1. Amide H neighbours of residue 304 under 5 Å, counting only residues 5+ apart in sequence or on other chains, H built in-plane at 1.01 Å?
2. For the range 53-153, what is the accessible area per residue in Å², given a 1.4 Å probe and the full set of protein chains?
3. Using helices alone, what [θ] at 222 nm do you get for the chain, with -39,500 (n - 2.57) per DSSP H run of 4 or more residues, divided over all residues and rounded to the nearest 500?
4. Within the chain, what whole-number % of the accessible surface is contributed by carbon and sulfur, with the 1.4 Å probe and all protein chains included in the calculation?
5. What is the distance, in nm, between label points placed 7 Å from the Cα along the Cα-to-Cβ direction at residue 239 and at residue 69?
6. Give me the dipole magnitude in Debye, nearest 20, for the chain about the Cα centre, with unit charges on the beta carbon: positive for Lys and Arg, negative for Asp and Glu.
7. Quote the FRET efficiency, to the nearest 0.05, computed for residue 260 versus residue 209 with a Förster distance R0 of 25 Å and r equal to the Cβ-Cβ distance.
8. Starting from the range 189-249, pick out the trypsin sites (Lys or Arg not before Pro) whose DSSP state is loop and whose Cβ has at most 14 other Cβ atoms within 10 Å.
Amino acid sequence: MAPRMEGSIAGHAYLVYIMLMIGTPGTGKTMLAQRLPTILPPLTPVESLETTRIYSAMGRLAANEPLLSTRPFRSPHHTISDAGMVGGGSTPAPGEISMAHNGVLFLDELPEFHRKGLEVLRQPLEEGKVTISRALNSTTFPANFVLVASMNPCPCGYLGDAKHACKCNPMQIERYMGRVSGPLLDRIDLHIEVPAVPFQELSATADGTSSAAMRAQVNQARQAQRTRFGPDSHRLNSRMTTRQLRKFCPLDVAGRQLLQTAMEDLGLSARAHDRILRVARTIADLEGSADLQASHVMEAISSRSLDRKLWAR
């Protein structure tokens with residue numbers, strides 16, 4: 001039985017959005033991240049060639065696999081250097097973010113990563129590529145990936161847990177949360193709480209939602225986006241421009257009021273405003289709704305749990 005995520009967004013969040021999972025140790029955050037490639041659409045021929053070129057340049061292709069057919073899943077350790085993350089060297093070579101191109105980059109225990117190493121992710125997350133400059137030239141590598149990260153709610157991991165007492169003082173918790181900068185957190189679309197799985201669900205004999213069923217949902221949403229942006233366009237809801245947001249994400253009175261209240265009460269930025277609309281548009285697509293409704297906006301807002309917690313403190 002798969003661990004639960006708070007909110008129905010859990011089964012269809014990866015289209016392609018940036019997600020942070022927060023939960024106590026042992027709730028299955030890593031296992032959920034490892035399953036992500038199985039619910040994403042298969043690599044297209046163009047994506048397969050792009051990814052194969054990167055792995056071939058790094059000498060990472062298996063002898064019996066001349067062409068990559070599955071989306072990569074990269075999970076670097078938190079001790080990784082900046083060059084190992086983004087690429088570098090006297091002769092620039094791709095880093096982990098390029099190795100994760102067209103796949104998933106999973107950062108387990110996000111606050112344990114070096115802050116500088118996390119900050120360098122901001123450009124690739126916005127542009128889908130990374131440029132490494134040297135004295136004589138510069139090299140650009142593709143880096144269009146799904147970023148998934150996980151973290152505990154506090155240093156000991158048990159803040160808010162009903163069965164374990166948290167041993168951290170407020171200063172330790174503030175210092176721990178402060179390791180993830182505001183600008184990076186602002187670029188994360190989904191803050192998902194992953195609670196412990198009850199014994200009844202762990203011991204249940206019924207199967208949970210299969211990867212095939214989730215992949216069908218993803219393909220359904222992708223089809224809606226192809227219809228919206230044109231059959232020859234590779235744009236997804238997560239990459240909509242401001243002009244496209246105005247065109248494809250009009251809000252009714254109730255939805256506009258909800259978003260305004262969230263912006264004012266939680267102190268959300270303009271970037272968070274746009275990201276909420278993009279997520280809400282995807283939720284509507286998955287429900288087969290042409291119109292953006294207040295319920296879609298509410299679900300998108302509720303998926304930003306860290307905004308609510310940071311505001312409360």
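1. Placed amide hydrogens put 191 under 5 Å from residue 304.
2. 47
3. It comes out at -12000 deg cm²/dmol, rounded to the nearest 500.
4. Carbon and sulfur atoms account for 54 percent of the accessible area of the chain.
5. 2.6
6. About 520 debye.
7. 0.15
8. 235
The values are calculated or read from the model by the stated rules, or taken from the named source; none is laboratory data. As the structure is a prediction and not an experimental result, all values here were calculated from the model. Because the Cβ atoms are built from the backbone with ideal geometry, glycine has one as well, and the counts that use them run over all protein chains shown. Ligands, DNA and RNA are excluded from the accessible area calculation, which covers all protein heavy atoms including side chains. Shrake-Rupley method; radii C 1.70, N 1.55, O 1.52, S 1.80 Å.
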